[in-house]
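Student: Encoded as structure tokens, here's the structure I'll be asking about.
The values are calculated or read from the model by the stated rules, or taken from the named source; none is laboratory data. Bear in mind the structure is a predicted one, so any value in this text is a computation, not a measurement. Every residue, glycine among them, receives a Cβ derived from its backbone with ideal geometry; neighbour counts consider all protein chains shown.
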């Protein structure tokens, strides 16, 4: 795999891990993966390192059944999220699974999470779907996505959306590239914070409608401008 | 334009970009401009770099119709905000357009945003105007200010005020100098945070009245003291 | 004044400025003073520098009528707060005037601010007094303490308490030493944050009673432990 | 005690102090201890240094009656929390006592604190117990745990749980190792923040049930992944 070591996807994935940790979207837990640029049936993901500590040497290939692609390294116990989504969604090239408090708040409290902020228009007009693990797997799980069966169920709840909330657990966010996934995750969190505050203050939120959502999503078509800034402060400071 | 490279307005504009990013008023998006010191029909603004990354080499002149003033560089897609406000408001020498979450919260939830904090007395007693892009441009925009027509409409909603909220999008803040614009933006955000919290806690806000607003605004006549502090921590750390 | 340059009170005052800026109690505005160790009729305060930028060379002596004690340096326009409180309160050796958002929120919204957190027991059981400048000086002030008359009025509202809120403006906190004043200010802010959140969440606060307040205040009799930590992170980073 | 100086428990305890200060769980006050690896009847704790400043040279042994184990160093006035819990709970190998605002908010407002977030499943399904010092020691204490009698009372309220809230004061969190205690403390705080926000926003929280709590607790069986990240950012920056 020496060739892969120079992949720009791997370089982006390493930077993405640092950005998401620096922004507080990930902490010692959660993960981001990317579909391999040269093989749509493989994805890159860190070994079991905390996301903020992932460097190039920690990234390995896994197949879409979530088995190691010819190596003996470990990865996260919830890798099933990644392979199952890549199977179900050929349009997806990057997946973030996070425990961001703002997203847990919505997923665990029954409050519909809709876009109130144009940078989150990519979410679409309707409330984000919520995956309740109890519905399919009963009240006695450890809440994690521990198998291909559970990963496939999560992918079904995600459907064709950009994100799915997971009750009491977090969220999974998908995108067409690593850079876009980072921006989607960052702005999904900020949108949740704004909507939460609007509700707390007794406001009457006006949501981004479907057409506005499609329009605003174009700002993050590549996410390059936001990425350049977030990458700089995550790796070089202000 | 070698002469312009040594303009103190450009130097201030670069520092302003760094301050506003450091304070979280801007992130990878948003922008600040300044009317040129030697030509009121031109303004300086960064190329399409994220604000926190703008340095002297990234600043160019644009005319008030938002066309490049004799160069081939790019700038932000929403430059129309800047030129149209400079046309409509000869008193304005700097314009900040931001997506600060605290300001989006008010603009998107119908809660009137008034000054509860003396440092935001410059806003004036009445609630800040809110620009609803749907009113003039219908429900299918991308919410951005993409043309001179839209910029002029925003300038009309701004009127003679120091700031205008933009529903689901952010705010635009104007001032007599770059330094003042930075301080206005920073304190508009803090005021929104305080008022939001007062409402959440069930308080009965006492607002800064018109005379108090005029009086307190004098503290930020030049904003020099606040600027010296914010510039130091943005560029040199604590 | 070369001797004064080596005073430990001046050294503490410089560190206090840095701590309070680092903790967000002060920003580019607000100030802290200390009664001179060798003359109870004089106090030290920074020149008109932003607090976080005050260094030893910026500290000068003022008399209790708020005139310069034999020099031609400037200081803050609201110096009248300091001299008038030192006149009225011989027990006070340090005064902080700040615009901390958490304290403005209470002072501007009519919600009584009482101690819910043992580190703020020094505040005493009863709600902090609120200075409404309109009551004595009418509805057309600039809200600042601009004269000895206004400073004396504030000192009367403070009475024998450790802090007074100023409607729409901030708070003034007094203590027996610079170190204690810093700790009092920091914990007054945290207490306000906790009480605000308890109210927002619909809780039924149990307040620190008078006896508990007297007991807990002893923890901050010198504030040395907290000071050692806050000084280190403000000046050396984590 | 030269041998002890090289103990990995001491090394972990020093890092734990730095992490908890960096995360804002501790500030200049609060403390963390660890049962000695070679003597279950002794525990390590810092001298009276602020937690974030504790280094190897500041750590000494104390017996479970909270007397110094053959030395003349000082420690925190509330050391009785530690020895009494180690006496009552042989399964406990580390104890954190903190004043985290999010935990004070719940303990002082009568709102039951339950796990809404899987990373806090270790807390167990039922609300955390709240220690009201007035119940046993009357309304005139200084609220601190100043004696073995008070420490034993706190240990009884803790019972077999992972944490106990202390009204108006903070919380005490226990675990099987230093690393686990750090992760428990960090996630207890985040859980409290999420639940608080859910209540403020008018949500209907779905709590982690008993079985889910047992399952999710396994993620923090050693806490190694989270520890590696938190230790790195606390000691080396991002």
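Student: Could you tell me whether segment A:123-130 includes any residue that is more than 8 Å from chain D (Cβ to nearest Cβ), within 14 Å of residue A:162 (Cα to Cα), assigned to a strand (DSSP E or B) and without any contact (Cβ under 8 Å) to a residue 40 or more places away in the chain?
Tutor: Within segment A:123-130 (the criterion being more than 8 Å from chain D (Cβ to nearest Cβ), within 14 Å of residue A:162 (Cα to Cα), assigned to a strand (DSSP E or B) and without any contact (Cβ under 8 Å) to a residue 40 or more places away in the chain), the answer is yes, since at least one residue qualifies.
Student: Same structure again: So in segment C:165-179, with the set limited to residues that are under 17 Å from residue B:206 (Cα atoms) and buried (at least 24 other Cβ atoms within 10 Å of the Cβ), which one is nearest to the chain's Cα centre (by Cα)?
Tutor: Going through the qualifying residues, I end up with C:171.
Student: If you go through segment B:130-140 one residue at a time, do you hit one that is modelled with pLDDT of 95 or more and within 30 Å of residue C:144 (Cβ to Cβ)?
Tutor: No, that holds for no residue.
Student: Another question, then. For residue A:151, state whether it is in contact (Cβ under 8 Å) with a residue 12 or more places away in the chain, away from chain B (no Cβ under 13 Å) and within 30 Å of residue D:204 (Cα to Cα).
Tutor: Against the criterion (in contact (Cβ under 8 Å) with a residue 12 or more places away in the chain, away from chain B (no Cβ under 13 Å) and within 30 Å of residue D:204 (Cα to Cα)), residue A:151 qualifies.
Student: Please find, among B:208, B:233, B:173, the residue that is part of a helix (DSSP H, G or I) and under 28 Å from residue A:194 (Cβ atoms).
Tutor: B:233
Student: I'm trying to understand the selection: among the residues of segment C:184-222, which are without any contact (Cβ under 8 Å) to a residue 24 or more places away in the chain and closer than 28 Å to residue C:108 by Cα?
Tutor: C:197, C:200, C:201, C:202, C:203, C:204
Condition check ((1) more than 24 Å from residue A:15 (Cα to Cα); (2) surrounded by fewer than 19 Cβ atoms within 10 Å (Cβ to Cβ)) across all residues:
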site	(1), (2)
A:37	no, yes
A:44	no, no
A:85	no, no
A:100	no, no
A:115	yes, no
A:132	yes, yes
A:135	yes, yes
A:143	yes, no
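Student: Mind checking which residues of segment B:208-218 are crowded, with 21+ Cβ neighbours inside 10 Å and more than 8 Å from chain C (Cβ to nearest Cβ)?
Tutor: Selection gives B:213, B:217.
Student: Turning to a different aspect of this structure: Within segment A:196-207, work out how many residues are buried (at least 23 other Cβ atoms within 10 Å of the Cβ) and more than 7 Å from chain B (Cβ to nearest Cβ).
Tutor: Going through segment A:196-207 one residue at a time, the tally reaches 1.
Student: Residue D:27: assigned to a loop (DSSP other than H, G, I, E, B), within 21 Å of residue C:187 (Cα to Cα) and modelled with pLDDT of 95 or more, yes or no?
Tutor: Taking the combined requirement at face value, the residue satisfies it.
Student: Could I ask something else about it? Quick one: would you say residue B:78 is closer than 25 Å to residue A:205 by Cα, in contact (Cβ under 8 Å) with a residue 60 or more places away in the chain and either over 17 Å from the mean Cα position of the chain (by Cα) or part of a loop (DSSP other than H, G, I, E, B) (or both)?
Tutor: Yes.
Student: Further question on the same structure: May I ask you to say which residue of C:104, C:92 is within 26 Å of residue C:167 (Cα to Cα), within 14 Å of the chain's Cα centre (by Cα) and in a loop (DSSP other than H, G, I, E, B)?
Tutor: C:92
Student: Same structure again: What number of residues in segment A:223-237 are in contact (Cβ under 8 Å) with a residue 60 or more places away in the chain and under 19 Å from the mean Cα position of the chain (by Cα)?
Tutor: 4
Student: Considering only segment D:30-60, how many residues are part of a loop (DSSP other than H, G, I, E, B) and under 15 Å from the mean Cα position of the chain (by Cα)?
Tutor: So the answer is 1.
Student: Related question: Which condition does residue A:190 not pass, out of (1) more than 7 Å from chain B (Cβ to nearest Cβ); (2) surrounded by fewer than 24 Cβ atoms within 10 Å (Cβ to Cβ), if it passes all the others?
Tutor: For residue A:190, the exception is condition (1).
Student: If you don't mind, another one. Restricting segment A:3-35 to residues that are free of Cβ contacts under 8 Å to residues at least 40 places away in the same chain and under 27 Å from residue A:169 (Cα atoms), which is nearest to the other protein chains (Cβ to nearest Cβ)?
Tutor: Ranking the qualifying residues of segment A:3-35, first place goes to A:28.
Student: Something else now. Picking from C:63, C:67, C:91, which residue would you name as being surrounded by fewer than 24 Cβ atoms within 10 Å (Cβ to Cβ), free of Cβ contacts under 8 Å to residues at least 12 places away in the same chain and more than 14 Å from chain B (Cβ to nearest Cβ)?
Tutor: Only one candidate qualifies: C:67.
Student: Next question. Can residue A:50 be described as without any contact (Cβ under 8 Å) to a residue 60 or more places away in the chain, closer than 27 Å to residue B:142 by Cα and within 14 Å of chain D (Cβ to nearest Cβ)?
Tutor: no
Student: Can you tell me which residue within segment A:143-170, out of those that are part of a helix (DSSP H, G or I) and touching a strand residue (DSSP E or B) at 6+ places or on another chain (Cβ under 6 Å), is nearest to residue A:122 (Cα to Cα)?
Tutor: A:158
Student: Identify all residues within segment A:94-110 that are in contact with a strand residue (DSSP E or B) (Cβ under 9 Å, 6 or more places away or on another chain) and either touching a residue at least 60 places away in the same chain (Cβ under 8 Å) or closer than 18 Å to residue A:178 by Cα (or both); write none if there are none.
Tutor: A:94, A:95, A:96, A:97, A:98, A:99, A:100, A:103, A:104, A:106, A:107, A:108
Student: While we're on this one: Given the criterion touching a strand residue (DSSP E or B) at 6+ places or on another chain (Cβ under 7 Å) and either surrounded by 23 or more Cβ atoms within 10 Å (Cβ to Cβ) or more than 8 Å from every other protein chain (Cβ to nearest Cβ) (or both), identify the matching residue among D:185, D:231, D:221.
Tutor: Testing whether each residue is touching a strand residue (DSSP E or B) at 6+ places or on another chain (Cβ under 7 Å) and either surrounded by 23 or more Cβ atoms within 10 Å (Cβ to Cβ) or more than 8 Å from every other protein chain (Cβ to nearest Cβ) (or both) leaves just D:185.
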